[in-house]
1. Which residues, counting only those in segment 1-30, are among the polar types (S, T, N, Q) and either more than 25 Å from residue 44 (Cβ to Cβ) or touching an Asp or Glu at 6+ places or on another chain (Cβ under 6 Å) (or both)?
2. Taking the condition touching an Asp or Glu at 6+ places or on another chain (Cβ under 8 Å), surrounded by 10 or more Cβ atoms within 10 Å (Cβ to Cβ) and not basic (Lys, Arg), does residue 33 pass?
Amino acid sequence: MSSDSIEDYVRHVIRELGEDPDRDGLQRTPARVAKSMRFLTSGYDQDPVAILNNALFEVSYDEMVLVKDIGFYSLCEHHM
C-alpha cells in the first residue's frame with residue numbers, strides 16, 4: 001500500500017468524522033499518519049534472526065538483568 005492511499009484513507013476517515021481535512025490544523029495530518037504507520041510497522045519486514053545476530057545466550061545467573069535505554073514502540077491492533 002502506498003503512502004498516498006494511506007493518506008486518502010485518513011482523509012476519508014476525517015471527513016466521516018465530520019471534519020474538514022483541508023483546514024489548517026488537519027492539512028498535514030494524513031501525511032503524518034501515513035509516516036507514523038510506516039514507522040510503527042517497519043519491523044514487520046525485518047528478519048528477527050538477522051536483528052538478534054546471535055545476541056541470545058544462556059548464562060547461569062540467578063539474579064535479574066536490567067537493560068536500559070532501549071527504544072520500544074508498540075502498535076496494538078485494537079487501536080487501529
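1. Narrowing segment 1-30 to residues among the polar types (S, T, N, Q): 2-3, 5, 27, 29.
Matches in segment 1-30: 27 only.
2. Values: touching an Asp or Glu at 6+ places or on another chain (Cβ under 8 Å): yes; surrounded by 10 or more Cβ atoms within 10 Å (Cβ to Cβ): yes; not basic (Lys, Arg): yes.
It is true that residue 33 is touching an Asp or Glu at 6+ places or on another chain (Cβ under 8 Å), surrounded by 10 or more Cβ atoms within 10 Å (Cβ to Cβ) and not basic (Lys, Arg).
Condition check ((1) over 21 Å from residue 75 (Cα atoms); (2) under 19 Å from the mean Cα position of the chain (by Cα); (3) not hydroxyl-bearing (Ser, Thr, Tyr)) across all residues:
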position	(1), (2), (3)
16	yes, no, yes
19	yes, no, yes
24	yes, no, yes
36	no, yes, no
42	no, yes, no
48	no, yes, yes
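Let's see how each residue does on (1) modelled with pLDDT of 95 or more; (2) surrounded by 11 or more Cβ atoms within 10 Å (Cβ to Cβ); (3) of a type outside the set (A, V, I, L, M, F, W, C):
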site	(1), (2), (3)
10	yes, yes, no
15	yes, yes, yes
37	no, yes, no
45	no, no, yes
53	no, no, yes
59	no, no, no
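The values are calculated or read from the model by the stated rules, or taken from the named source; none is laboratory data. Please read these numbers as outputs of a predicted model, since none were measured by experiment. Every residue, glycine as well, gets a Cβ built from its backbone with ideal geometry; the counts of neighbours run over all protein chains shown.
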